[in-house]
Amino acid sequence: MDMTGVGSAEGLAAWVARGEEMAAAEDRERARMREMRFDTIAVHGIYSAEAALANQGSIIEPAYLSPAQHFADSDHLEAALGYLMPAWGYTRIANPTLHYLGETLALLEAYGTGTTASAVVTGSGMAAVDMAVTPFLTDDGTGRRPSVVVGARCYGGTFQLFRERFARERGVDVRWVREPLDTAEWARLTDGTTRLLYGEMPSNPTLSVLDIPAVAGIAHDAGVPLVVDATVATPALMRPLGLGADVVVHSVSKSIAASGLAIAGAVVARHGIVSRHGPDDLREDFAAHVKLLPMRDHGPALSPFNALMALTDLRTLRGRMDAWSRSAMRVARFLEAHPAVERVHYPGLPSDPGHQVAARTMWLADGADGEGEPANRFGHLMAFTVRGGQPAARRVLDGLRLVRRATDLGRVKSIATIPSISTHQQQGEEGRAIADVPPNLIRLSVGAEHPADVEADLAEALARV
């Protein structure tokens, strides 16, 4: 459509009208894809045959590595940068490859929930946590110190973000829930100064669970949102938006981008979140608000290449989480029966305190047969404590030959670490006590190897105790 040389008012209106056509076309594609199964959505997202033809016929979403978009004329530039039409402009704000990843994640998180959602992708999982929380902490003019209620059993980086960056640097009153299953504690800590409730389900590294519907009810009664980090579960096993959560956070670097070739994060929010704080557009479409305003100014943009790597892995998410969950269940049972192991933290085990809640919450999308036969799956991550304290745990970790020693998780290769000396080292003994991370805890992420080989490696290492 050639609009060059058109007067500014008329030209701007023409570009806005063109933008409405573009948005309507994407809405139609979203509606079509909502009728598809989980695996189909993961493979295609909203990258339609028409979109492929507009990209030189590429059947795979292209990586748009250019940092900036060229515009047809000044009116096109003004309409795009004024958010009057779909555009990407500059990769710090938006990018086509990032858009395809975000749209696919939003469709997967809303799958089967009856909700509609939007997503924004970030440069890391920690950037996603920051962007999911910061918009609710702005000054409301009352002079009251804002508070947040947070499940203490969380990733070490998240603990530090809340304790150091939000509490110590910004003066936010961070209130820790030591036992996430204690809904009475969530309620007791929530009051008129609370801006949001935040928890991990299941948590990293102790696999503690959260009763999302119950905690969402507490949050909504207070007029605030519930934010859930569902990195360990992924949308293949749990979709918190359908359970009452308002915002879902992912470290896409983990299970979604399982090949280990990309760092990325995501914020996915249902439309019409509960929040008595913030402007109307924040409540109406939180992810779009974050993308176009706070993220534009803070700048935690995702690399388009990393977005493409994540998209490539995302296509096989459900099958991987199914297989790895079954392997993890087998390994968890092996560890539970081993005399050198004190306790195994895995929500799939009937002995786990969170098993009943997890069994109500964590279901493989479309079932074990892909046709809807219900099947619980509890993920690939577990943790176990070793008899003999941290010296024994170190000997076990050092004795692993197949399982890699690293701070990563959700990889195609099995990985183990001791959180107290790695992922949770910086929060100190007091912080680890609050988060219930003992010194002899080993976190294990089960990958795609045959589980018998993982068990053999663990058995050899445990023999060193």
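The values are calculated or read from the model by the stated rules, or taken from the named source; none is laboratory data. No experiment lies behind these values; they were computed from the predicted model shown. Ideal geometry is used to build each Cβ from the backbone, glycine not excepted, and the neighbour counts take in all protein chains shown.
If you check ALA416, ALA375, ALA383, ALA392, which single one turns out to be within 23 Å of the chain's Cα centre (by Cα), among the hydrophobic types (A, V, I, L, M, F, W, C) and more than 19 Å from SER203 (Cβ to Cβ)?
Going through ALA416, ALA375, ALA383, ALA392 in turn, just one is within 23 Å of the chain's Cα centre (by Cα), among the hydrophobic types (A, V, I, L, M, F, W, C) and more than 19 Å from SER203 (Cβ to Cβ): ALA375.
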(request) Among the residues of region 318-363, write down those that are more than 16 Å from VAL446 (Cβ to Cβ) and among the hydrophobic types (A, V, I, L, M, F, W, C). (result) ALA337, ALA340, VAL357, ALA358, ALA359, TRP363
(message) Can you report the number of residues in region 264-300 which are surrounded by 21 or more Cβ atoms within 10 Å (Cβ to Cβ) and closer than 30 Å to VAL43 by Cβ?
(response) 14
(request) Please list, ordered by first then second residue, the pairs with beta carbon atoms under 9 Å, 6 or more apart or interchain, first in region 414-430 and under 28 Å from HIS450 (Cα atoms) and in the same structural domain as GLU164 (by TED's automatic domain parsing), second surrounded by fewer than 21 Cβ atoms within 10 Å (Cβ to Cβ) and among the small types (Gly, Ala, Ser). (result) none
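Quick check, is GLY125 touching a strand residue (DSSP E or B) at 6+ places or on another chain (Cβ under 8 Å) and either among the hydrophobic types (A, V, I, L, M, F, W, C) or closer than 30 Å to THR193 by Cβ (or both)? If you could, list the steps in order and put the result at the bottom.
Values: touching a strand residue (DSSP E or B) at 6+ places or on another chain (Cβ under 8 Å): yes; either among the hydrophobic types (A, V, I, L, M, F, W, C) or closer than 30 Å to THR193 by Cβ (or both): yes.
Criteria met by GLY125.
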(message) Against the definition (within 25 Å of GLY242 (Cβ to Cβ), modelled with pLDDT of 95 or more, of a type in the set (Ser, Thr, Tyr) and part of a loop (DSSP other than H, G, I, E, B)), how does TYR64 come out, yes or no?
(response) no
(request) Tell me which residues, restricted to region 186-215, are without any contact (Cβ under 8 Å) to a residue 60 or more places away in the chain and surrounded by 22 or more Cβ atoms within 10 Å (Cβ to Cβ). (result) TRP186, THR190, THR194, LEU197, GLY199, GLU200, SER203, VAL215
(request) Could you look through region 71-90, keep only residues that are of a type in the set (Phe, Trp, Tyr) and part of a loop (DSSP other than H, G, I, E, B), and pick out the one that is nearest to SER8 (Cα to Cα)? (result) PHE71
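Identify all residues within region 151-173 that are among the aliphatic types (A, V, I, L, M) and within 20 Å of PRO419 (Cβ to Cβ); write none if there are none.
ALA152, LEU161
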(message) Quick check on region 360-388: of everything there that is part of a loop (DSSP other than H, G, I, E, B) and aliphatic (A, V, I, L, M), which residue is farthest from MET329 (Cα to Cα)?
(response) ALA365
